[in-house]
Amino acid sequence: MSIPDYMQCAEDHQTVLVVVQPVGIVPEDQFFRIYKRIASVNQVSIRDSQRLLYIRYRHHYPPENNEWGDFQTHRKVVGLIAVTTCGSAKEWPQTSERFHGQKEVFGSTLYDSRLFVFELQGEIAEQARTDVAFYPSYDNCEDVEKRVEDFVESIFIVLESKRLDRATDKSGDKIPLLCVPFEKKDFVGLDTDSRHYKKRCQGRMRKHVGDLCLQAGMLQDALVHYHMAVELLRSVNDFLWLGAALEGLCSASVIYHYPGGTGGKSGGRKPSISQAADAGKRHRPGAQEVLIDPGALTTNGISADTSSEIGRAKNCLSPEDIIEKYKEAISYYGKYKNAGVIELEACVKAVRVLAIQKRAMEASEFLQNAVYINLGQLSEEEKIQRYSILSELYDLIGFHRKSAFFKRVAAMQCVAPTIPEPGWRACYKLLLETLPGYSLSLDPKDFCKGTHRGWAAVQMRLLHELVYASRRMGNPGLSVRHLSFLLQTMLDFLSDQEKKEVTQSLENYTSKCPGGMEVLMMPDGLKLPPVPFTKLPIVRSVKLLNLPVILRPHKVKGLLGQNMSTKSPFIYSPIIMHNRGEERGKKIEFQWVQGDVCEVQLMVYNPMPFELRVENMGLLTSGVEFESLPAALSLPAESGLYPVTLVGVPRTAGNITVNGYHTSVFGVNSDCLLESLPGVKTGGCTVEVVPALPRLQLSTSLPRSANALQPPSGEELSSSVSVQLFNGETQQLVITLENIGTELLETLEVTSRTVNTKEKLFGEFLSWNLDEALSHFPLKPGQVVTLTVNIKVKLDFSGQENLLQDLNDDGISVTGLPISSPLRQVLKPRAESKPVSAESSKTEYNHVKTLEAILNFRYSGGAGHVEGYYRELSLGVHLDVEPSVLFTRVSTLPATSTRQCHLLLDVFNSTEHELTVSAKNNQDLVLHASECQRMAIQVDKFDFDSLPQPDEEKVRFTNPKLLEEERQQAQGYEINSKLGICWQIISFPRILLCPPG
């Protein structure tokens, strides 16, 4: 016997073998439909008996295996069912002849046979025959199962008669010597009358009767016969048959202990009534291990003496003894070269028993022995079957990696060089089945959970084999998917050279079949999930960026409360704070605007030892319609953290969530979701998109400032300009505003404020008239409007601190003149005792002062204006103020009229230009550079008491210091309005005013 049956298990010893084969031309699908229906009748309850007959069906069985039927009766073909298609009566004789020819193949062992004829109608089909059943079609054959049951009962009748015939002790009759095929030549010339020979014959026959009893459903009788056979055969050292007797004893004991079977087949065996009764006595205390006397056996196998049942149950081996006897039987088989198949099948049966007993280590020893059993020259198909079964058995006992090893060997055997047409599809299918044993799955998500599992070197080898097999199958898409999986999951274990080789191979494959994110469906229903390249490049952080300052939306303060979802009457609530903290982790505080380009910054690095080109990199979003603007980048080898900015335009308003990004690397398109990226830091990925707003572009007539203003509030400026003026000078700033957006510009508000200065300003520093600009509104996209802003700088013109003190020292009073008038504010304090000379005055009075102001443009329009949103532009104005004329001394003289007086002013020209100074009703005074002259002005005496006084309520609730400053301010304006002093640089065509007012 050279062809093993790897599917055998211990309980198969109690089955009878029936072969079901087609005769003539039978459609394969129709044959297997009938075969499945026949095979469903796998056990039959015998009428007028408490026994069950188990049937094992095969549609292919080697005739040479049938020759071992005397050695183990379950190997003997005792039944034949032929299935044929006969279209007409003319074909019937040939069909009948073929059937008889088929019977002759197994004729020496057959108990009975049947022929199922389909599609034959007429006179022949109407004949009643026991061995032939006629059916009009394959769909119209309701009683197939009933016919099979009748057929099985006829087999049982023959089986029972043979059992009774062999079991009866016929004294004086010579017992024949049962032999296996290779023994027949060894017994030629032996003394058949010797005691040794007779014992051999008795032992083998006893073992044979045990097989028949086991098949006939008489388990306890079989146990007795096996025990007796063991004793007889051991005494004559008949090791081959002794091994068979021990194996029969083990099989009967396994059937007794495990009525559900050991083969793992669906729908376990139903125990017979006698087995069910015995099962309750298995562990009966106090029972002695007694061998029953063969004389106590009756013809039907049931003893009238119930006390002997205890002894019968104890003829059964214990679970531990079963394995020991299997080991002994296998050792005896190993003595015979021609019994390799028997030895191999015994190992397989023992492993299945040990698997149920959960004794994995002992089972592995049996399997290890099975690996080295030499069966001679096996075909490639037989080798594949052998390694596949070994794999399944190792998996059965929990040796998953060993199982995967043999499965992989079987896969490699499918494409061995000796095979004319290699089976790459079978190889690929077997390789896929090895993945769990090597802790591999084809889902990259399984490799994002903690540490790596399994041997990376073996896993990479297996993945390479999957790539090669799929390529040889002619499926480049599979090759790309497996190679992508290898690169993504095994990147940390690849050497630099291996990384280069794998990426080159991947580029070669993707040039013919680009990789994508679709799920690949295999013909057998297997789904291959997509493999996004989350490590090419590796992303460490994702940050949503706020819009530039000039584009950020602001909410009208009066409408802020409308969007607040919850309000609490408590100042602090830990529950509310906790919830808000969670919300902040998801939703970002700033907003994006519909139609404007938005940015997301990724910190990435390239783990490859060569330059990594990433193409078509863009954002994956949800929530609103979003137009991603892909980017292409090139990362240097092992670049370290590298900032990458991805941009896009939200086309609708609402909440948008950045879910990830997409890339194209080595020809593989990947969608990388942030939730599947381990260790990625993000400050939130959801942001509100407000409705569209217009966009203003600002340009000015003055040059941009080299040094940007730094407002104390920390706000950012859109732009800034720089200008240099003399104290008292006025200059115009022309601002051009262009609507560069797509929305109508409907509203515009302009405000200003002074920052970063301690200087005292008089009058309006920046002034404008907005009516002309607003007359052009609403401003359509592309239209321009201009706004003129007057820059008027008026600082203190006094040149020394004791200027008014000098006026009082003259002994002439000025009615109501405040000592702390603005005229006393000086540019730079100096010591009282320091003499005033021309040179010192020139140095001290030329100090340049700096003024800074911010112009704010608040504008809105479109859908955003309806929702209460606006934008702001901020223009910084940097002004360097140079001193012009300074009043170093002031005094008075009486005039001809008592209502008037002469005001004497010492005027100093601190500029480097010649200038003229003029006053109301007074002659111009010409001053050269750094020249000081006295100027007399006849004015009416000042009456400050006539100025409006604050009411009593304001005096009561206002700071006295603030009231004093307001009073002094009003008095200063009064003086300036009466003097009307102006100055002009002769060489420049511009007018400058002074003093402050």
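The values are calculated or read from the model by the stated rules, or taken from the named source; none is laboratory data. Quick caveat, the model's predicted, so the values are computed rather than measured. Cβ atoms come from the backbone with ideal geometry, glycine included; neighbour counts cover every protein chain shown. Just the protein is used for accessible areas: all its heavy atoms, side chains included, with ligands, DNA and RNA removed. Shrake-Rupley method; radii C 1.70, N 1.55, O 1.52, S 1.80 Å.
Of note:
- Taking (1) open to solvent by less than 80 Å² (accessible area, probe 1.4 Å); (2) closer than 16 Å to Cys901 by Cα in turn, Ala970 satisfies each apart from (2).
- The residue that is farthest from Leu677 (Cα to Cα), among those in region 411-425 that are open to solvent by 50 Å² or more (accessible area, probe 1.4 Å) and in a helix (DSSP H, G or I), is Met412.
- Note on region 441-481: residues that are crowded, with 20+ Cβ neighbours inside 10 Å and hydroxyl-bearing (Ser, Thr, Tyr) amount to 2.
- Checking every residue in region 445-458 against the condition of being closer than 23 Å to Gly667 by Cβ and under 16 Å from the mean Cα position of the chain (by Cα) gives at least one match.
- Qualifying residue in region 69-82 (condition: part of a loop (DSSP other than H, G, I, E, B), surrounded by fewer than 16 Cβ atoms within 10 Å (Cβ to Cβ) and over 51 Å from the mean Cα position of the chain (by Cα)): no
- Considered as a group, the residues in region 27-57 that are open to solvent by 20 Å² or more (accessible area, probe 1.4 Å), outside any helix (DSSP H, G or I) and among the basic types (Lys, Arg) include one that is farthest from Val77 (Cα to Cα), and that residue is Arg47.
- Leu232, sole failed condition from (1) out of contact with any helix residue (DSSP H, G or I) (no Cβ under 7 Å at 6 or more places or on another chain); (2) open to solvent by 30 Å² or more (accessible area, probe 1.4 Å); (3) of a type outside the set (Lys, Arg); (4) in a helix (DSSP H, G or I): (1)
- Helices (runs of 4 or more DSSP H) contained entirely in region 433-540, each with at least 1 residues that are more than 27 Å from Met412 (Cα to Cα) and acidic (Asp, Glu): 496-510
- Any hit, region 183-195, residues being modelled with pLDDT under 95, over 30 Å from Glu392 (Cβ atoms), open to solvent by less than 80 Å² (accessible area, probe 1.4 Å) and outside any loop (DSSP other than H, G, I, E, B): yes
- Search result, residues across region 665-679 that are touching a helix residue (DSSP H, G or I) at 6+ places or on another chain (Cβ under 7 Å) and under 12 Å from Val480 (Cβ atoms): Phe666, Gly667, Val668
- For region 328-383, taking the residues that are free of Cβ contacts under 8 Å to residues at least 40 places away in the same chain, assigned to a loop (DSSP other than H, G, I, E, B) and of a type outside the set (Gly, Ala, Ser), the one that is surrounded by the most Cβ atoms within 10 Å (Cβ to Cβ) is identified as Ile373.
- Residue in region 213-228 that is hydrophobic (A, V, I, L, M, F, W, C), modelled with pLDDT of 95 or more and within 25 Å of Glu64 (Cβ to Cβ) present: yes
- For region 668-675, the criterion of a residue being modelled with pLDDT of 95 or more, surrounded by 19 or more Cβ atoms within 10 Å (Cβ to Cβ) and not polar (S, T, N, Q) is satisfied by at least one position.
- Test result for Arg204, within 27 Å of Arg51 (Cα to Cα), assigned to a helix (DSSP H, G or I), in contact (Cβ under 8 Å) with a residue 12 or more places away in the chain and open to solvent by 80 Å² or more (accessible area, probe 1.4 Å): no
- Selection within region 738-772 - surrounded by 14 or more Cβ atoms within 10 Å (Cβ to Cβ), over 16 Å from Tyr859 (Cα atoms) and among the hydroxyl-bearing types (Ser, Thr, Tyr): Thr754, Thr757
- When region 919-930 is limited to residues that are surrounded by 15 or more Cβ atoms within 10 Å (Cβ to Cβ) and closer than 19 Å to Ser884 by Cα, the one that is farthest from the chain's Cα centre (by Cα) turns out to be Leu925.
- Tyr226 falls short on exactly one of the conditions (1) within 60 Å of the chain's Cα centre (by Cα); (2) open to solvent by less than 10 Å² (accessible area, probe 1.4 Å); (3) hydroxyl-bearing (Ser, Thr, Tyr), and that condition is (1).
- For region 109-139, a residue qualifies if it is open to solvent by 50 Å² or more (accessible area, probe 1.4 Å) and either of a type outside the set (S, T, N, Q) or free of Cβ contacts under 8 Å to residues at least 12 places away in the same chain (or both), and the qualifying residues are Glu119, Glu123, Glu126, Gln127, Ala128, Arg129, Thr130, Pro136, Asp139.
- Note on region 627-641: residues that are within 15 Å of Val600 (Cβ to Cβ), out of contact with any Lys or Arg (no Cβ under 7 Å at 6 or more places or on another chain) and part of a strand (DSSP E or B) total 4.
- Counted residues, region 632-650 - those being modelled with pLDDT under 95, surrounded by 17 or more Cβ atoms within 10 Å (Cβ to Cβ) and out of contact with any Leu (no Cβ under 6 Å at 6 or more places or on another chain): 1
- Within region 95-106, being open to solvent by 40 Å² or more (accessible area, probe 1.4 Å) and within 13 Å of Gly79 (Cα to Cα) holds for Gln102, Lys103, Glu104, Val105.
- Sole residue being farther than 30 Å from Thr747 by Cβ and of a type in the set (D, E, K, R), chosen from Glu872, Glu912: Glu912
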